[in-house]
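**Student:** This is the structure I want to talk about, given as structure tokens.
Read-outs throughout are calculated quantities, based only on the coordinates presented, and are distinct from any laboratory measurement. Predicted model, so just to flag it, every value in this text is computed and none were measured. Note that we place each Cβ from the backbone using ideal geometry, even for glycine, and neighbour counts take in every protein chain shown.
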């Protein structure tokens, strides 16, 4: 039994949480984690083989199944998440307040013509958003999250040692809150705009010639409506109303 005790004690020292954090920013984090863990298991098993001549082939499969049954990606992910949630008290509430202020700031820049620095934010956005607002959000998205995390750790007297841990917290605990809050804010505005449009569309289009080509109609009216309804699919509205009137 000496060989198995040595193997299990050695396997227990594998830093599974650190491996998960390192894989946190990968496109397929679960595959990365499983591959990394498998390599570490194989390395530990080879060391055991070199130390104990009586290591059996059956030991590999038996110990591997036992080892991975308690260290699946889902289990370790939940463990890491719970740990960070327990030490970062109030992070969700502060994230909501942060992104609410950020969105209000960026809405003030909705009509500003500016280059978009990154299209890698708000990947789950389901509604229209003004270019100026998106440009503002994309420029401040990551720095605002960094500021939030710095404020939280300073408030709690914490020091996050590794950059992988900081990335994990931002990607899995801060960014989802930012995405959800912006989505909710934009959805609310889109809903209000749709209600306003439904009330006013007959007056808006009272003198429009809907027999003209659709391309001309869209060119003339898209810009006008987008100024009034910046979070809405105005082209779809124009075509739908045109179909009603034809």
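**Student:** So what's the angle, to the nearest 10 degrees on a 0 to 90 scale, between helix 131-156 and the longest Cα principal axis of the chain?
**Tutor:** Once rounded, the angle reads 40 degrees.
**Student:** Follow-up. In segment 150-168, which residues have a backbone nitrogen under 11 Å from the label point lying 7 Å from residue 43's Cα in the Cα-to-Cβ direction?
**Tutor:** Of the residues in segment 150-168, none has backbone N under 11 Å from the label point off residue 43.
**Student:** A further question follows. Rg and Dmax of segment 192-245, Cα atoms, in Å?
**Tutor:** When restricted to Cα atoms, segment 192-245 yields Rg and Dmax of 10.3, 30 Å.
**Student:** Add -39500 (n - 2.57) for each DSSP H run of 4 or more in the chain, then divide by its residues: what number comes out at 222 nm, to the nearest 500 deg cm²/dmol?
**Tutor:** Using -39500 (n - 2.57) per qualifying helix, the result is -23500 deg cm²/dmol.
**Student:** Ok, one more. What is the helix-to-structure angle for 234-245, meaning the angle in degrees between its Cα long axis and the longest Cα principal axis of the chain, kept from 0 to 90 and rounded to the nearest 10?
**Tutor:** 50 degrees
**Student:** Cα convex hull of segment 2-83: how many Å³ per residue?
**Tutor:** 85 Å³
**Student:** Could you please state, rounded to a whole Å, how far the C-alpha centre of segment 155-206 is from the C-alpha centre of segment 1-61?
**Tutor:** The two parts, judged by their Cα centres, are 41 Å apart.
**Student:** Related question: With everything on Cα atoms, drop me the angle between helix 2-11 and the longest principal axis of the chain, reported from 0 to 90° to the nearest 10.
**Tutor:** 30 degrees
**Student:** Which order do 191, 172 fall in if you start with the one that has the fewest other Cβ atoms within 10 Å?
**Tutor:** So the residues, fewest neighbours to most, are 191, 172.
**Student:** Moving on. Over segment 2-83, what is the relative contact order in percent, taking alpha-carbon pairs closer than 8 angstrom and at least six residues apart?
**Tutor:** This gives 40 percent for segment 2-83.
**Student:** For the chain, compute Rh as the Kirkwood radius over C-alpha pairs and then the Stokes-Einstein diffusion coefficient at 10 °C and 1.306 mPa s; write the answer in µm²/s, rounded to an integer.
**Tutor:** Translational diffusion coefficient: 71 µm²/s.
**Student:** If you don't mind, there's one more thing I want to ask. Over the residues of segment 102-187, compute the C-alpha Rg and express it relative to 2.2 N^0.38 Å.
**Tutor:** Rg over 2.2 N^0.38 Å, computed on Cα atoms: 1.17.
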